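The values are calculated or read from the model by the stated rules, or taken from the named source; none is laboratory data. Fair warning: this is a prediction, and the values are worked out from it, not measured in the lab. Methodologically, a virtual Cβ is constructed for each residue, glycine included, from the backbone with ideal geometry; neighbour enumeration extends over all protein chains shown. Heavy atoms of the whole protein, side chains included, go into the accessibility calculation; ligands, DNA and RNA do not. Shrake-Rupley method; radii C 1.70, N 1.55, O 1.52, S 1.80 Å.
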Amino acid sequence: MSVLVVGSLALDTIETPFGSVREAVGGSATYISAAASYFFSPIRVVGVVGGDFPQEGMTLLEERNIDLEGLEVIKSGKTFRWAGRYRYDLNERDTLSTDLNVFEKFDPKVPERYRKSKFVVLGNIDPVLQQRVLQQMENPRVVICDTMNYWIERKNKDLLETLRRINILVLNDSEARLLSKEPNLIKAGRVIRGMGPTVLIIKKGEHGALLLTESVTFSAPAYPMENIFDPTGAGDTFAGGLAGWLARTDDLSEENLKRAVIYGSTLASFCVEKFGVEGLRDLTYLQIQDRFRQFRELSRFDGD
Ligand code: AMP
């Protein structure tokens, strides 16, 4: 099944306690599509970059066989830029700057060829743009959406409109509390599912993820990492891995949703081991399967 991804393509300036990088290739669409591409489905990107987006970024996506017909290049414009700094506790991140640049006037155009894609991943961008993409799609089977506090606070009404049109929402614990105005995550899950998505996945940083549906509460473990260099993109990579697995299997059963959450966590664990997108560059399917099996061992126990 083909997957359409919309989101940012960015130049990120990142500081962590272990090092820093200036204007490295990043962005939600970059991480989502790179992660999803490991599951062998055709991946298509809708996004925008400026003339300053490095060839290295294009090559990364091309080498993963990602279809870039929907990527607009505005030669005279500047690429979206984001800068962030992580604290000693890597779950805490301060955004230092966000420069929308070419995103300011972005009007996503879904190429004709992409409109029948069965899976859509709406990366974290303005909910109005997310809706514009959905309006151009012909009957997608599954719509997966990511968002962040920025949109929950500034475009709440538009975000609620987007939520009515999606199936699966992925967000982190603090965003779930903010969106639902409910501190308890299980209750928050119920409130948010009432807003539209039948499936909700709440990411809890290095503490794993919760999958919530009408009949399932599944707590996925986190991979015990010794070497976390840079958490940037972990959330997007999670969404990409999840979408890639679901598109590959075209199976939304409860058991397969659980597997998809573990695949998302698996891809995210590779992402954070290196700076920027480096962790997603040269993975093999074998490495992914191997770590997936290690995830299974993490919470297996003998109940007798
Ligand atoms: P994550 O660590 O998964 O939350 O995602 C980090 C990525 O999101 C970075 O590569 C940023 O370029 C991108 N990003 C940060 N803020 C925004 C925003 N407001 N809109 C779109 N993309 C963003």
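Observations on the structure shown:
- Odd one out for Pro231 among (1) open to solvent by less than 60 Å² (accessible area, probe 1.4 Å); (2) part of a helix (DSSP H, G or I): (2)
- The listed residue being aliphatic (A, V, I, L, M), closer than 23 Å to Glu206 by Cα and within 15 Å of the ligand (Cβ to nearest atom), out of Leu100, Leu90: Leu90
- Exactly one residue out of Val73, Val102 is without any contact (Cβ under 8 Å) to a residue 60 or more places away in the chain, surrounded by fewer than 20 Cβ atoms within 10 Å (Cβ to Cβ) and under 20 Å from Glu56 (Cβ atoms), and it is Val73.
- Across segment 247-262, the qualifying residues are those that are open to solvent by less than 10 Å² (accessible area, probe 1.4 Å) and within 18 Å of Phe40 (Cβ to Cβ), and the one among them that is farthest from the chain's Cα centre (by Cα) is Asn256.
- Condition broken by Leu210, with the remaining ones in (1) more than 15 Å from the ligand (Cβ to nearest atom); (2) modelled with pLDDT of 95 or more; (3) out of contact with any Ser or Thr (no Cβ under 6 Å at 6 or more places or on another chain); (4) within 19 Å of Leu298 (Cα to Cα) satisfied: (3)
- Single unsatisfied condition, Met1 versus (1) at pLDDT 95 or above; (2) in contact with a helix residue (DSSP H, G or I) (Cβ under 8 Å, 6 or more places away or on another chain): (1)
- Selection count, segment 125-140, where residues are crowded, with 17+ Cβ neighbours inside 10 Å, β-branched (Val, Ile, Thr) and modelled with pLDDT of 95 or more: 1
- Filter result for Asn91 (part of a loop (DSSP other than H, G, I, E, B), on the phi < 0 side of the Ramachandran plot and open to solvent by 20 Å² or more (accessible area, probe 1.4 Å)): yes
- The residue pairs whose first member lies in segment 135-147 and is β-branched (Val, Ile, Thr), whose second member is away from the ligand (no atom under 16 Å from the Cβ) and part of a loop (DSSP other than H, G, I, E, B), and whose beta carbons are closer than 6 Å, counting only pairs six or more residues apart or on different chains, are Val142/Asn167; Val143/Ile166; Val143/Asn167.
- For segment 8-43, a residue qualifies if it is surrounded by 24 or more Cβ atoms within 10 Å (Cβ to Cβ), part of a strand (DSSP E or B) and either more than 13 Å from the ligand (Cβ to nearest atom) or under 10 Å from the mean Cα position of the chain (by Cα) (or both), and exactly one does: Ile43.
- When we screen Ile168, Ile192 for residues that are open to solvent by less than 60 Å² (accessible area, probe 1.4 Å) and in contact with a Leu (Cβ under 7 Å, 6 or more places away or on another chain), the only hit is Ile192.
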